[in-house]
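The values are calculated or read from the model by the stated rules, or taken from the named source; none is laboratory data. Since this is a predicted model, take the numbers as computed values, not measurements. With ideal geometry, Cβ positions are generated from the backbone for all residues, glycine too; neighbour counts draw on all protein chains shown. Accessible surface is based on the protein model in full, side chains and every heavy atom, while ligands, DNA and RNA are left aside. Shrake-Rupley method; radii C 1.70, N 1.55, O 1.52, S 1.80 Å.
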Amino acid sequence: MKIYIAYTGGTIGMAPSDHGLIPDAAFALELTKRLEALPELEHEFVVNSYETLIDSSNATPKDWAMIARDIESKWQEYDAFIVLHGTDTMAYTAAALTNMFMSCTKPIIVTGSQVPLYQARSDAMNNVLGAISACEEKIKGVFLFFAGLLIEGDRARKTHTGDWQAFSSPNLPEYGVLGIDWKWRDSRFSNMLKKPPMKMRIPDMAEDAVTILPVFPGVQAEHWQGLLNENVKGAVLLSYGAGNAPDKNADLLSLLKTATDRGVVVVNVSQCGAGNVVAGAYAAGSALVAAGVTSGRDMTYEAAFAKLHFFIGLGFSSREIRGIFDR
């Protein structure tokens, strides 16, 4: 198996300096040496360190597209792809790649580490080797692997800053769990079932096209006014509970209605982190429906954010995008 490993940036490939951790110029060579020293890995590895590394805190939708185009350019040459990425926005990138490689016919695994490779007590090699093991299982699709959990790319979110297990899948069981052996959510046969044809679509995405609207006690229209500027075409509304927001604030609801009337797709996602948005279950949620807000159901806000960017980038109309979320 030929496996392409792209080091895009992040903690996994950093080394100490007088100014704190910085990207290690020798990381690609060091990881290659470690992999080649393991005789049981009978694969051909190419580890490519990006010329301009991405601090994931600075990552933008343009970086998602750059990573996707890198994979696209090597699609015929390799059997599997591993993307090494910083943990802060790893879930966003995994969700974006899921959209750009729909019904993916090869494994694309996004991973990284909490502690750099150079440190003795690092989780880096465990995560890289776990991602390789997932590739060996010939799974198809985009996934995030971390600390033994293989999570579908648009289902992952970072939930811990100081634990080896930094990611979870709040609304769907993990696709696979790696202990001594793999334990799969579904039978291996289900992964081989015929799926819709793969769609590889990598749109240009404007960095200011999508915003996030937080709901909090005392939120006012003025708080969101700048966020819903004329450049914005999509917004993720972080609501309370099952999809609620203040229904007595006429200015806030009017602002949302004005935005949706001009074509902004506003997707309602619960800030609880787990559970479903149930549109109209409460009066406070019904007011959002009346304002033209679309339910994100059980999506993570990272997945909703990436999905909006993707379809807006493809040039879909607001009506078409709302229909996609409503399916």
Residue in segment 278-296 that is of a type in the set (S, T, N, Q), over 30 Å from THR87 (Cβ atoms) and modelled with pLDDT under 95 present: yes
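Check ILE54, ILE71, ILE67 and return the single one that is outside any helix (DSSP H, G or I), within 25 Å of ARG157 (Cβ to Cβ) and among the aliphatic types (A, V, I, L, M). Break it down into steps so the answer makes sense when it comes.
On the way: ILE71 fails: outside any helix (DSSP H, G or I); ILE67 fails: outside any helix (DSSP H, G or I).
Testing whether each residue is outside any helix (DSSP H, G or I), within 25 Å of ARG157 (Cβ to Cβ) and among the aliphatic types (A, V, I, L, M) leaves just ILE54.
Report the residue count in segment 108-148 for those that are in a helix (DSSP H, G or I), of a type in the set (Gly, Ala, Ser) and open to solvent by 20 Å² or more (accessible area, probe 1.4 Å). Spell out the reasoning first.
Start the filter on segment 108-148 by keeping residues that are in a helix (DSSP H, G or I), which leaves 124-136.
Filter again for of a type in the set (Gly, Ala, Ser), leaving 124, 130-131, 133-134.
Applying the additional criterion that residues be open to solvent by 20 Å² or more (accessible area, probe 1.4 Å) yields 133.
Selection size over segment 108-148: 1.
If you go through segment 242-252, how many residues are surrounded by fewer than 17 Cβ atoms within 10 Å (Cβ to Cβ) and not hydrophobic (A, V, I, L, M, F, W, C)? Steps first, answer last, please.
Step one: filter segment 242-252 for residues surrounded by fewer than 17 Cβ atoms within 10 Å (Cβ to Cβ), giving 248-251.
Going one step further and asking which of them are not hydrophobic (A, V, I, L, M, F, W, C), we end up with 248-249, 251.
Here the count works out to 3.
Among the residues of segment 88-102, is there at least one that is charged (D, E, K, R), touching a Ser or Thr at 6+ places or on another chain (Cβ under 8 Å), open to solvent by 10 Å² or more (accessible area, probe 1.4 Å) and within 19 Å of ILE202 (Cβ to Cβ)? So that I can check it myself, show each step before the final result.
Filtering segment 88-102 down to residues charged (D, E, K, R) leaves 88.
With touching a Ser or Thr at 6+ places or on another chain (Cβ under 8 Å) added as a condition, the list becomes 88.
The next check asks that each one be open to solvent by 10 Å² or more (accessible area, probe 1.4 Å); those that pass are 88.
Of the ones still in play, those that are also within 19 Å of ILE202 (Cβ to Cβ) are none.
No, there is no match, as no residue in segment 88-102 is charged (D, E, K, R), touching a Ser or Thr at 6+ places or on another chain (Cβ under 8 Å), open to solvent by 10 Å² or more (accessible area, probe 1.4 Å) and within 19 Å of ILE202 (Cβ to Cβ).
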Number of positions in segment 142-160 that are over 11 Å from VAL110 (Cα atoms) and not aliphatic (A, V, I, L, M): 7
Test: residue in segment 172-195 that is within 22 Å of ARG322 (Cα to Cα) and out of contact with any Phe, Trp or Tyr (no Cβ under 7 Å at 6 or more places or on another chain): no
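Each row is one residue, and each column tells you yes or no for (1) closer than 22 Å to GLU44 by Cβ; (2) among the basic types (Lys, Arg); (3) at pLDDT below 95.
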{"site": "SER56", "(1), (2), (3)": "no, no, yes"}
{"site": "MET66", "(1), (2), (3)": "no, no, no"}
{"site": "TYR78", "(1), (2), (3)": "yes, no, no"}
{"site": "ALA91", "(1), (2), (3)": "no, no, no"}
{"site": "ASN99", "(1), (2), (3)": "no, no, no"}
{"site": "THR105", "(1), (2), (3)": "yes, no, no"}
{"site": "ILE108", "(1), (2), (3)": "yes, no, no"}
Qualifying positions in segment 296-327 - charged (D, E, K, R) and either in a helix (DSSP H, G or I) or without any contact (Cβ under 8 Å) to a residue 12 or more places away in the chain (or both): GLU302, LYS307, ARG319, GLU320, ARG322, ASP326, ARG327
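Any residue at all in segment 74-81 that's assigned to a strand (DSSP E or B), open to solvent by less than 50 Å² (accessible area, probe 1.4 Å) and within 22 Å of HIS309 (Cβ to Cβ)?
Yes: segment 74-81 contains one or more residues that are assigned to a strand (DSSP E or B), open to solvent by less than 50 Å² (accessible area, probe 1.4 Å) and within 22 Å of HIS309 (Cβ to Cβ).
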